[in-house]
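The structure under discussion appears below in the form of structure tokens.
Derivation of every value follows stated rules applied to the coordinates shown; laboratory data play no part. Worth saying up front: this structure is predicted, and the values here are computed from it rather than measured. Neighbour counts run over all protein chains shown; Cβ positions are idealised from the backbone, glycine included.
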Amino acid sequence: MKKVFLLAAAAALAFSACVKPVYEDKPGKEEEKTVPEEKEKTDTPDTPPEKTDIPAAPKAGELLIEEVYYAGTLIQGAEHASDDQYIKLTNVSDHTVYADRVLFVMNYIQGDKTDVGAYYEYPELNDGLAVNDMYLIPGNGTDHPVKPGESLVLALAALDYTQGRTEGEGEDAETIEGNPDAIDLTGADFEFYDENDVYPDTDNPDVENLVIWFKSSATITTLHHSGLQSYAIALVPEGETAEKIMAERHWSGTYYFHFDEYNFDYAIEDDDVWVIPGEWVLDAVNCSAEDSYFRNPWGPAFDAGYAWTVKVFNDIARFGKSVRRQIVDGKPADTNNSTNDFAAGTPSLKK
Ligand SMILES: [Ca+2]
Ligand SMILES: [Ca+2]
Ligand SMILES: [Ca+2]
């Protein structure tokens, strides 16, 4: 009863519903093994090897969340936007990295306070990320190379939003007009595809789906349109699975809700939240708006600041703007402080 009231008071805080976890395991491809040619032994002294493109899994800071387009593109004559949301990951290292087993996660801890000042308080957690939504880039280790300077686009739906389309089937079918200002995401590398019985999601058969390890939405996953959310990527070690993480890494403790003279406590154990170890984390980005900002959902080592499109929560000016790393010395900035590293501007995929 009280939670219903609280959630109403904290309307802006509560944007996810909990559902049963959905796992999916891709059938593993047999790894092709090649026998390396034996090197001829010579008497010449060892010379440093020529700089070659050594394939590798990304290390922290090598594969970055370069850009997040959460706001979507305003539909002319309307006060809302298309769902042409995407996340762009970029290899900022000098060698090819593989995106296989990179896990995209979203925050559990809510970092905002509502316009009436309601907020949640959580225990400190500095050596890992408390997450709920988890989507995996599939692969066997070398399926998804990303060359230096190249990017992968994760589309929430890999659709061409400039074109009209029909969503749903039969009685539920809905015609959606194209938005000439929006983005064509059919060239994305991956998409979030959330099959469910309530709200149709569209599966572009030409774009590989991320593997759902956990989704908090009862319907389809979208990015928070006003950007009150944090995103991270982590490299999951071999042998780790969704089931294993859920069995072994549930967060625990007490969290509090504060609103005026009301203070309530809750058990974290009752929620869907897992701790991703800090050593798995490749990069993290907080997003917020100045008037809603209360705290960062993750510890300062991961991201000490936050990226933003507008200063005022829900300002319509956010539409058509992404947050993107600024280029410093020819590279996307990454000082682990998104307030300094990011700027708002026209999405890079906008034609
Ligand atoms: Ca989708
Ligand atoms: Ca697809
Ligand atoms: Ca970083």
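Label the stretch 113-224 by shape, choosing from rounded, prolate and oblate, from the square roots a ≥ b ≥ c of the eigenvalues of the Cα gyration tensor; if a/c is under 1.5 it is rounded, and otherwise prolate applies when a/b is larger than b/c, oblate when it is not. Oblate shape, in that a/c is at least 1.5 and b/c is the bigger or equal ratio.
Label positions at T335 and E124, each projected 7 Å from the Cα along the C-beta direction, are separated by 2.5 nm. With 21 Å as the limit on Cα-Cα distance, the pairs of K113/K321; K88/K331; K88/K321; K88/K244; K215/K331 that go past it are K113/K321; K88/K244; K215/K331.
Computed about its Cα centre, the charge dipole of the stretch 181-220 is approximately 220 debye, with only Lys, Arg, Asp and Glu carrying charge at their Cβ. If one computes the Cα centroid of the stretch 211-236 and of the stretch 269-312, what distance in Å separates the two points? Value for the Cα centre distance between the two parts: 12 Å.
For D143, the amide hydrogen comes within under 5 Å of the amide hydrogens of D100, counting only partners 5 or more places away or on other chains and with H modelled in the peptide plane.
The stretch between D265 and E290 holds 6.3 nm of extra length on full extension. This uses 0.36 nm per residue minus the Cα-Cα distance. In loop segments of the stretch 117-168 as defined by DSSP, the GluC sites (Glu not before Pro) with at most 15 further C-beta atoms inside 10 Å of their C-beta are E124, E150. Working note: Karplus 6.51/-1.76/1.60 with θ = phi - 60° gives the stretch 173-190 the couplings 4, 10, 8, 10, 6, x, 10, x, 8, 7, 10, 8, 9, 5, x, 4, 7, 9 Hz, where Gly and Pro are set to x. Taking a straight Cα-Cα cut-off under 14 Å and skipping sequence neighbours fewer than 8 places away in the same chain, the aspartates and glutamates within cross-link reach of K311 are D112, D115, E290, D291.
Taking each residue as 0.36 nm, the span from T186 to Y199 lengthens on full extension beyond its C-alpha to C-alpha distance by 2.6 nm. Stretching the chain fully between H95 and A343 yields a gain of 86.7 nm (0.36 nm per residue, less the alpha carbon separation).
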